[in-house]
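The numbers here are math on the coordinates, done by the rules we state, and not lab data. Just so it is clear, the structure is predicted and the values come from calculations on it, not from any experiment. Neighbour counts run over all protein chains shown; Cβ positions are idealised from the backbone, glycine included.
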Amino acid sequence: MSVALSSNMLITGGGRGIGAATARLAAARGWRVAINYTSNAAAAESLVTEIKCTGGDAITVQADVADEAQILRMFRTVDEQLGPLGALVNNAGVVDVPADVADMSVARLQRMFNINVIGSFVCAREAVRRMSTVRGAPNFGPGYGQGGAIVNLSSAASRLGSPHQYVDYAAAKGAIDAMTIGLAKEVANEGIRVNAVRPGLIETDIHASGGLPDRVRELAHLVPMQRGGTAQEVAQAILWLTSPEASYTTMSLLDVSGGR
Ligand code: NAP
């Protein structure tokens, strides 16, 4: 089995930025979407209202992906309100303010890896437990175990290293690349495809959250296409990877970075 049979999609960090663009596009293509957020309930709820107004179906589900108990609660909520998942988009992620490795605290490193790496691992684990053609039905009952697709948000930073900005973030995304490769091989024969998208400079709030609101405009000259990308352009790649059109695509690290 190579395609997701359930039309339910969970998007972590789905209330804003790339996650929100993915939720909009997914809903337009018939997915029922669970939009996870951690603190910005207003953004997630207004997105659900927007999706419902255009004929789609979506719910919000709060959880901090750095906290295992909250992830477990989020998956139980999705089980109860939507049913079996066909796709997980591991999108929630953070950067920190620019710093050299020589100046990084352990607290900073732990936050970076807890959210960006361990959060993605635990969400992938919970999705695999439900989607796997081997594990799903025995553990979760009828309707589970029909396979699915997992898309991890990596970054061009995993190739570039982000010196003097955030090597910690780049290394966390390097871990996501390795997790994508290993997990894809582990579950390839259990109906689950696992891929990553590696965006380049994309216009979202993430740059302001790291203290660099003009980062995309300032670095656009380094991009062969000479511009930043939009969240919609990344969402299109994510939706392709979750679709039956990508039925033979697993273990891919898809660069969406304007050639950078
Ligand atoms: P963004 O605009 O800053 O949005 C981040 C989203 O993640 C928000 O919805 C936020 O929730 C959520 N989030 C943050 N911490 C969380 C946590 N602990 N638990 C659950 N949700 C959490 O970011 P973005 O630019 O769309 O980035 C999305 C993904 O793409 C990230 O993994 C990022 O690393 C990756 N990426 C982005 C770029 C880029 O240039 N934008 C480039 C490469 C890769 P709230 O709304 O509740 O705050």
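Of the residues G141, G148, G191, G136, which single one is free of Cβ contacts under 8 Å to residues at least 12 places away in the same chain and more than 9 Å from the ligand (Cβ to nearest atom)?
Details: G148 fails: free of Cβ contacts under 8 Å to residues at least 12 places away in the same chain; G191 fails: free of Cβ contacts under 8 Å to residues at least 12 places away in the same chain; G136 fails: free of Cβ contacts under 8 Å to residues at least 12 places away in the same chain.
Exactly one residue qualifies, and that residue is G141.
Pick out, from segment 1-74, the strands (runs of 3 or more DSSP E) lying fully within it that include 1 or more residues that are touching a residue at least 60 places away in the same chain (Cβ under 8 Å) and either away from the ligand (no atom under 14 Å from the Cβ) or crowded, with 20+ Cβ neighbours inside 10 Å (or both). Steps first, please.
Details: elements: 8-11, 32-37, 57-62.
Where strands (runs of 3 or more DSSP E) fall fully within segment 1-74 and carry at least 1 residues being touching a residue at least 60 places away in the same chain (Cβ under 8 Å) and either away from the ligand (no atom under 14 Å from the Cβ) or crowded, with 20+ Cβ neighbours inside 10 Å (or both), they are 8-11.
Each row is one residue, and each column tells you yes or no for (1) assigned to a helix (DSSP H, G or I); (2) of a type outside the set (A, V, I, L, M, F, W, C); (3) within 10 Å of the ligand (Cβ to nearest atom).
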| position | (1), (2), (3) |
| --- | --- |
| P84 | no, yes, no |
| L88 | no, no, no |
| V94 | no, no, yes |
| P98 | no, yes, no |
| L109 | yes, no, no |
| N114 | yes, yes, yes |
| V117 | yes, no, no |
| S120 | yes, yes, yes |
| R125 | yes, yes, no |
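So is V78 closer than 28 Å to G141 by Cα, outside any loop (DSSP other than H, G, I, E, B) and in contact with a Ser or Thr (Cβ under 8 Å, 6 or more places away or on another chain) or not? Talk me through it step by step, then tell me what you get.
On the way: closer than 28 Å to G141 by Cα: yes; outside any loop (DSSP other than H, G, I, E, B): yes; in contact with a Ser or Thr (Cβ under 8 Å, 6 or more places away or on another chain): no.
It is false that V78 is closer than 28 Å to G141 by Cα, outside any loop (DSSP other than H, G, I, E, B) and in contact with a Ser or Thr (Cβ under 8 Å, 6 or more places away or on another chain).
Would you point out which residue out of E68, E80, E45 is within 17 Å of the chain's Cα centre (by Cα) and not small (G, A, S)? Can you show your working first?
Values: E80 fails: within 17 Å of the chain's Cα centre (by Cα); E45 fails: within 17 Å of the chain's Cα centre (by Cα).
None of the others qualify; the one that does is E68.
Suppose the filter is surrounded by fewer than 21 Cβ atoms within 10 Å (Cβ to Cβ) and either within 12 Å of the ligand (Cβ to nearest atom) or among the aliphatic types (A, V, I, L, M) (or both); does S209 pass it? Steps first, answer last, please.
Numbers: surrounded by fewer than 21 Cβ atoms within 10 Å (Cβ to Cβ): yes; either within 12 Å of the ligand (Cβ to nearest atom) or among the aliphatic types (A, V, I, L, M) (or both): yes.
Against the criterion (surrounded by fewer than 21 Cβ atoms within 10 Å (Cβ to Cβ) and either within 12 Å of the ligand (Cβ to nearest atom) or among the aliphatic types (A, V, I, L, M) (or both)), S209 qualifies.
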